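This report refers to the structure that appears directly beneath it.
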């Protein structure tokens with residue numbers, strides 16, 4: 001079907017996508033002066049009368065939603081109309097949006113934390129729709145858009161079952177077979193739990209790049225969905241925590257009564273997953289920092305527990321070239337240990353030393369006034385360990401003794417290097433070698 005130049009007040013700009021029942025165009029609303037997306041339903045002459053009736057039901061189903069859905073993660077239906085032989089629905093245009101199918105490939109998976117965020121928002125959106133008496137019946141990656149900003153929108157409510165709109169409903173098996181719940185395969189009525197099952201399939205696919213069930217033909221696919229157990233998620237993606245895998249399996253329960261009762265329940269459990277991921281991330285960061293400190297000469301005589309004691313009494317900080325690490329004359333109760341990069345020690349405008357990996361600085365905690373007698377500025381990108389003298393007083397005596405012994409030894413070695421440099425460099429105030 002050839003598209004007209006205009007549909008009512010909407011000027012068609014270009015085609016955005018084409019499906020089995022219609023074509024989506026980018027259009028300009030000449031009245032409001034903004035772009036919208038319009039789905040134009042196809043009623044070609046070569047379409048059977050039965051198919052034509054089905055498409056009209058899809059159109060009226062979506063048209064019924066005009067102005068009824070107001071949720072940030074559901075693409076709103078703004079308008080609907082007929083222009084001659086053309087039926088169309090008007091939707092918000094989301095520039096740069098991509099369907100989640102893009103992120104269901106093994107070579108393009110989203111981070112686990114992002115998957116949790118996406119499914120959380122979808123669960124909240126479905127909970128909103130379900131409370132409105134609407135069951136989507138076709139939740140799949142192709143019907144969930146990710147915006148350029150990383151937000152999500154559920155789209156395409158053409159086959160949805162809506163309470164109060166019984167005449168416009170499609171009957172029988174509707175939806176996409178790979179994402180249908182077992183009860184849908186048995187041609188039982190779709191429910192809230194059917195949508196949540198489909199969301200579980202989407203979650204599984206976003207995490208692994210594979211669907212939980214496959215079949216060479218529809219009969220085998222149906223058998224898999226009704227009877228088979230999906231391969232474990234962690235075997236395909238080891239970084240998925242067990243608590244998230246349990247949520248996937250609960251959503252994919254064969255018996256609807258054993259699944260989540262609402263999208264809100266899924267969202268609540270996913271909130272707990274976020275806390276688990278944050279904890280794991282922090283534990284990984286601590287482990288990584290521990291491994292870095294072990295390689296520094298400063299910590300070569302420390303036991304593992306003593307290194308952790310120092311870490312717990314410290315802040316790990318990053319600096320860019322030219323940034324101040326210590327400001328001359330300011331109160332400071334911290335010892336500085338250089339983990340990565342180089343810094344310049346200066347008094348006034350004069351450079352007096354260079355600090356490199358493993359070097360330390362921090363006479364202020366030893367002084368009564370506690371003020372730094374020099375400043376330190378990053379010369380390169382740097383990581384430093386800023387050890388609080390107050391918190392070091394709380395660690396074990398053995399750790400304190402070892403820390404101060406190494407700190408003073410490293411400080412003396414640096415001063416000795418400075419004394420050994422050529423006289424003309426010292427007189428010029430150049431850093432030690």
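Of the conditions (1) free of Cβ contacts under 8 Å to residues at least 24 places away in the same chain; (2) surrounded by 24 or more Cβ atoms within 10 Å (Cβ to Cβ), residue 131 fails just one. Which one is it?
It fails just one condition, (2).
If you scan region 80-100, which residues turn out to be without any contact (Cβ under 8 Å) to a residue 24 or more places away in the chain and either buried (at least 17 other Cβ atoms within 10 Å of the Cβ) or in the same structural domain as residue 140 (by TED's automatic domain parsing) (or both)?
Selection gives 80 alone.
Could you please let me know if residue 216 is part of a loop (DSSP other than H, G, I, E, B) and closer than 26 Å to residue 114 by Cβ?
Spelling it out, it is not the case that residue 216 is part of a loop (DSSP other than H, G, I, E, B) and closer than 26 Å to residue 114 by Cβ.
Exactly one condition in (1) modelled with pLDDT of 90 or more; (2) assigned to a helix (DSSP H, G or I) is not met by residue 302; state its number.
Of everything listed in (1) modelled with pLDDT of 90 or more; (2) assigned to a helix (DSSP H, G or I), residue 302 misses just condition (2).
Can you confirm whether region 160-180 contains a residue that is in the same structural domain as residue 193 (by TED's automatic domain parsing), in a loop (DSSP other than H, G, I, E, B) and at pLDDT 90 or above? Before the answer, list the steps.
Let us first name the residues in region 160-180 that are in the same structural domain as residue 193 (by TED's automatic domain parsing), namely 160-180.
Still in the running and in a loop (DSSP other than H, G, I, E, B): 160, 163-165, 169-176, 180.
With the extra rule that they be at pLDDT 90 or above, the set shrinks to 180.
Yes.
Of the numbered conditions (1) over 30 Å from residue 338 (Cβ atoms); (2) exposed (fewer than 13 other Cβ atoms within 10 Å of the Cβ); (3) under 20 Å from the mean Cα position of the chain (by Cα), residue 284 fails exactly one; give the number of that condition.
The failed condition is (1).
Among the numbered criteria (1) in a helix (DSSP H, G or I); (2) surrounded by 11 or more Cβ atoms within 10 Å (Cβ to Cβ), which single criterion is violated by residue 254?
Going through the list (1) in a helix (DSSP H, G or I); (2) surrounded by 11 or more Cβ atoms within 10 Å (Cβ to Cβ), residue 254 breaks only (1).
Of the residues that make up region 322-336, is at least one assigned to a helix (DSSP H, G or I) and either touching a strand residue (DSSP E or B) at 6+ places or on another chain (Cβ under 7 Å) or closer than 22 Å to residue 373 by Cα (or both)?
Restricting attention to region 322-336, the residues satisfying the condition of being assigned to a helix (DSSP H, G or I) are none.
No: region 322-336 contains no residue that is assigned to a helix (DSSP H, G or I) and either touching a strand residue (DSSP E or B) at 6+ places or on another chain (Cβ under 7 Å) or closer than 22 Å to residue 373 by Cα (or both).
Inspect all residues belonging to region 191-208 and state whether any of them is at pLDDT 90 or above, out of contact with any strand residue (DSSP E or B) (no Cβ under 7 Å at 6 or more places or on another chain) and assigned to a loop (DSSP other than H, G, I, E, B).
No, that holds for no residue.
For region 374-411, which residues satisfy the criterion of being over 19 Å from residue 296 (Cβ atoms) and exposed (fewer than 13 other Cβ atoms within 10 Å of the Cβ)?
390, 393, 394, 396, 397
Restricting the search to region 130-147, which residues are closer than 14 Å to residue 100 by Cβ and not in a strand (DSSP E or B)?
138, 139, 140, 141, 142, 143, 147
Consider region 334-368. How many of its residues are over 17 Å from residue 412 (Cα atoms), in contact with a helix residue (DSSP H, G or I) (Cβ under 9 Å, 6 or more places away or on another chain) and at pLDDT 90 or above?
2
Only residues that are surrounded by fewer than 18 Cβ atoms within 10 Å (Cβ to Cβ), under 11 Å from residue 254 (Cβ atoms) and either touching a residue at least 60 places away in the same chain (Cβ under 8 Å) or over 28 Å from the mean Cα position of the chain (by Cα) (or both): list them for region 221-234, please.
Scanning region 221-234 gives 226, 227, 228.
Can you go through 385, 401 and tell me which one is at pLDDT 90 or above and either in a helix (DSSP H, G or I) or not assigned by TED's automatic domain parsing to the domain that holds residue 346 (or both)?
It is 401.
Looking at region 15-46, which of its residues are more than 17 Å from residue 92 (Cβ to Cβ) and at pLDDT 85 or above?
15
Need the failing condition index for residue 237 against (1) under 30 Å from residue 129 (Cα atoms); (2) touching a residue at least 60 places away in the same chain (Cβ under 8 Å); (3) within 21 Å of the chain's Cα centre (by Cα); (4) surrounded by 15 or more Cβ atoms within 10 Å (Cβ to Cβ), just the number.
For residue 237, the exception is condition (1).
Would you mind finding the one in 104, 87, 122 that is touching a helix residue (DSSP H, G or I) at 6+ places or on another chain (Cβ under 8 Å) and farther than 30 Å from residue 264 by Cβ?
On inspection, the qualifying residue turns out to be 87.
The values are calculated or read from the model by the stated rules, or taken from the named source; none is laboratory data. Keep in mind that this is a model prediction, so the values were computed, not measured. Glycine also receives a Cβ, built like all others from the backbone with ideal geometry; neighbour counts cover every protein chain displayed.
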